[in-house]
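The structure appears right after this line, and notes come after that.
The values are calculated or read from the model by the stated rules, or taken from the named source; none is laboratory data. Every value quoted in this text rests on a predicted model; they were computed, and no experiment measured them. Because the Cβ atoms are built from the backbone with ideal geometry, glycine has one as well, and the counts that use them run over all protein chains shown. When the accessible area is computed, the model is the full protein with side chains, heavy atoms only, and any ligands, DNA or RNA have been set aside. Shrake-Rupley method; radii C 1.70, N 1.55, O 1.52, S 1.80 Å.
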Amino acid sequence: MRQFALRSTGIIFLLILWELVSRTNLIDPGLFPPPSQVISALVSLTLSGQLPKDVFASVLRAVAGFVLGSIAGLFVGAVSGRIRAFDAVLTPVVQVLRPIPVIALVPLAIVWFGLGEASKIFLVFWGVFFPVWVSSYLGISRVDKNYIWAARSIGIRREKLWLQVIVPAALPTIITGLRTSISLAFIVLVAAEMAGSYLGVGYRISAYHLVFQIDKMMGYIVLMGALGFIADRTFAYLVNRALPWYQLSVNQD
Amino acid sequence: MAGHVVVKNLGISFTGKDKTIWAVKDVSLEVKSREFVSLVGVSGCGKSTVINSIAGFVPPTVGEVTVDNQPITEPNSRRGVVFQSFVLFPWKTVFENIAFGPRSRDVDEKAITESVDQYLKLMGLMKFADHYPQQLSGGMRQRVALARVLINDPDVLLMDEPFGALDAQTRIFMQEVVLNLWESTHKSVLFVTHDIDEAVFLSDRVYVMTAAPGSIKSVYDIELERPRHADIRLDQKFLLYKKELYEAIREESQKVLGPLPTF
Ligand SMILES: Nc1ncnc2c1ncn2[C@@H]1O[C@H](COP(=O)(O)OP(=O)(O)OP(=O)(O)O)[C@@H](O)[C@H]1O
Ligand SMILES: [Mg+2]
């Protein structure tokens, strides 16, 4: 509780400072609306029903792209991390595509998939795939051989080795990759929605920019931050629930 | 009588980018059924490589390794391995670590629980069944590692500096744990250590290796009565064995480290 109070002071201080600075009229309040105005904009947008729809659309895109991209990244990473032939064929392909910044693909995705859901999901998928691939590839290919030796010498059969040893041993590395990808998913999503869409948090940020409604725009920016924060915390919570040993391993070594 | 290990003219090389390193040159040794044998030698002389080869992790480049006249082709739970760094599975609880072997063999769950409990009791770990290895002290971790291997009832126990990471008190305690276990179960044991005192205290026979690439330099039969107790360390014969071994090792470490510097 004390901890919480301490952590909040900084944020509250920032809000007060923001409020005071914009009320002094030193800066044009149209450009720099105070937090009270941003909050009231958020409230009215929520009541009108527009904001919940945007959040729903954005979260759905982020989740769909993240889940698909993670599954693909995990799978390709694991297979090429452990099986020589796949490594030889797949890894160079991934390495050639990986340096392309995903933002550079936004226009192409729109040309290919249109302004609807497909282009957004594709871009998030693309953005998430590579970091997850890297973490899965490294995690799986660098499993401490002592774990495998120990398991083999207590009698595990080869076919059980994957699920019982290799995957859990690689999990800490993989989890780090997944967590990085969550914030990446939001970055890519905003870029994709700003470039062209009818709905979504990123779309509103650019739309209010065009009509110069800075309070609403800032409201959506804050909202975006909140969504990223919630997603990260939810992920950490789920990991700690599902894998109680994970926290212990990370803290110790 | 199972668990008769024979290593004959074993040589193992590793091929790197531009050269081949011989980790072990010419090692011959034997662990008869139910014997306790130690292998000592300076760091890097190839002790772990010998253990890994008997375990079935690393195939011989030349020579042969057999257990009960069968050449070794792959790891098997008949040959249990205890590692210096414990190598417990951090994603499994103490209970699950110990149950790993029988579960891999699809033993029924009730029988598993019974025998895991028996080993938890034996090792004084009853209260820690649901802990994760990261929550245990070094001595406790090594007891879990030992239980995880013993539950498979192996013929041969291969121990690679199992107490190297433990403090002096825990180490002496663990030596007695192992000695008691061995006296009641009589498995064949090959025990790698740097510690001469430990080797003499535990063994029927001690092999000393030469510096890298290792071969067998000399062999000592330790004819001290059993069962042994801590106070045997003050015995005149015990001290004489220690002295002989100490001199043999010292010769080898000078080859690696050079003569003592003079000031
Ligand atoms: N997989 C490997 N690839 C290349 N060289 C290796 C490999 N394993 C061991 N060696 C080399 O073989 C030699 C013997 O190593 P080994 O680990 O068997 O020594 P050791 O006697 O167990 O040493 P220590 O007492 O320090 O544990 C060393 O020079 C080591 O570098
Ligand atoms: Mg070693």
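Structure summary
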item: Odd one out for A:VAL79, checked against (1) free of Cβ contacts under 8 Å to residues at least 24 places away in the same chain; (2) open to solvent by 60 Å² or more (accessible area, probe 1.4 Å); (3) under 30 Å from A:ARG158 (Cα atoms); (4) of a type outside the set (Gly, Ala, Ser); result: (2)
item: The one condition in (1) of a type outside the set (Asp, Glu); (2) out of contact with any Pro (no Cβ under 9 Å at 6 or more places or on another chain); (3) closer than 23 Å to A:ALA170 by Cβ; (4) crowded, with 22+ Cβ neighbours inside 10 Å that B:LYS47 fails to fulfil; result: (3)
item: Residue list for the stretch A:152-163, restricted to those being surrounded by 24 or more Cβ atoms within 10 Å (Cβ to Cβ) and outside any loop (DSSP other than H, G, I, E, B); result: A:SER153
item: Enumeration of residues in the stretch A:192-205 that are among the hydroxyl-bearing types (Ser, Thr, Tyr) and crowded, with 18+ Cβ neighbours inside 10 Å; result: A:SER197, A:TYR203
item: Residues satisfying the stated conditions in the stretch B:212-226, i.e. open to solvent by less than 80 Å² (accessible area, probe 1.4 Å) and modelled with pLDDT of 90 or more; result: B:SER215, B:ILE216, B:LYS217, B:SER218, B:VAL219, B:TYR220, B:ILE222, B:LEU224, B:ARG226
item: Index of the failed condition, B:ILE112 passing every other in (1) of a type outside the set (D, E, K, R); (2) at pLDDT 95 or above; (3) closer than 25 Å to B:ARG205 by Cα; result: (3)
item: Residue tally, condition of a type in the set (D, E, K, R) and within 14 Å of ligand 2 (Cβ to nearest atom), over the stretch B:6-49; result: 1
item: So A:VAL143, is it within 29 Å of the chain's Cα centre (by Cα), open to solvent by less than 40 Å² (accessible area, probe 1.4 Å) and within 14 Å of chain B (Cβ to nearest Cβ); result: yes
item: All positions within the stretch B:149-181 that are within 14 Å of chain A (Cβ to nearest Cβ) and within 16 Å of ligand 2 (Cβ to nearest atom); result: B:LEU158, B:MET159, B:ASP160, B:GLU161, B:PRO162, B:ALA165
item: Which numbered condition B:GLY101 misses (of (1) assigned by TED's automatic domain parsing to the domain that holds B:PHE14; (2) away from ligand 2 (no atom under 14 Å from the Cβ)); result: (1)
item: The stretch B:133-154 - residue that is outside any helix (DSSP H, G or I) and open to solvent by 50 Å² or more (accessible area, probe 1.4 Å) and, of those, nearest to ligand 1 (Cβ to nearest atom); result: B:SER137
item: The one condition in (1) in the same structural domain as B:VAL178 (by TED's automatic domain parsing); (2) part of a helix (DSSP H, G or I); (3) not small (Gly, Ala, Ser) that B:ASP18 fails to fulfil; result: (2)
item: Members of the stretch A:36-56 found to be open to solvent by less than 30 Å² (accessible area, probe 1.4 Å) and over 16 Å from A:ILE221 (Cα atoms), listed by number; result: A:GLY49
item: Residue satisfying all of: in the stretch B:182-197; of a type outside the set (A, V, I, L, M) and within 15 Å of ligand 2 (Cβ to nearest atom); nearest to B:ILE232 (Cα to Cα) among these; result: B:ASP195
item: Per-region count, the stretch B:155-198, residues within 14 Å of ligand 1 (Cβ to nearest atom) and either part of a loop (DSSP other than H, G, I, E, B) or aliphatic (A, V, I, L, M) (or both); result: 12
item: Count - residues of the stretch A:197-253 that are within 14 Å of chain B (Cβ to nearest Cβ) and closer than 18 Å to A:PRO52 by Cβ; result: 0
item: Boolean, B:SER85 is under 21 Å from A:PRO168 (Cα atoms), within 12 Å of chain A (Cβ to nearest Cβ) and within 16 Å of ligand 1 (Cβ to nearest atom); result: yes
item: Matching option when the condition is touching a helix residue (DSSP H, G or I) at 6+ places or on another chain (Cβ under 6 Å), away from every other protein chain (no Cβ under 14 Å) and either free of Cβ contacts under 8 Å to residues at least 60 places away in the same chain or open to solvent by less than 10 Å² (accessible area, probe 1.4 Å) (or both), among B:LEU39, B:LEU10; result: B:LEU39
item: Residue in the stretch B:168-175 that is crowded, with 20+ Cβ neighbours inside 10 Å, modelled with pLDDT under 95, in the same structural domain as B:GLU252 (by TED's automatic domain parsing) and in contact with a helix residue (DSSP H, G or I) (Cβ under 7 Å, 6 or more places away or on another chain) present; result: yes
item: One residue from B:ASP130, B:ASP106 being away from ligand 2 (no atom under 16 Å from the Cβ), open to solvent by 50 Å² or more (accessible area, probe 1.4 Å), within 12 Å of another protein chain (Cβ to nearest Cβ) and on the phi > 0 side of the Ramachandran plot; result: B:ASP106
item: Failed criterion for B:THR73 (all others in (1) in a strand (DSSP E or B); (2) farther than 19 Å from B:GLN142 by Cα hold); result: (1)
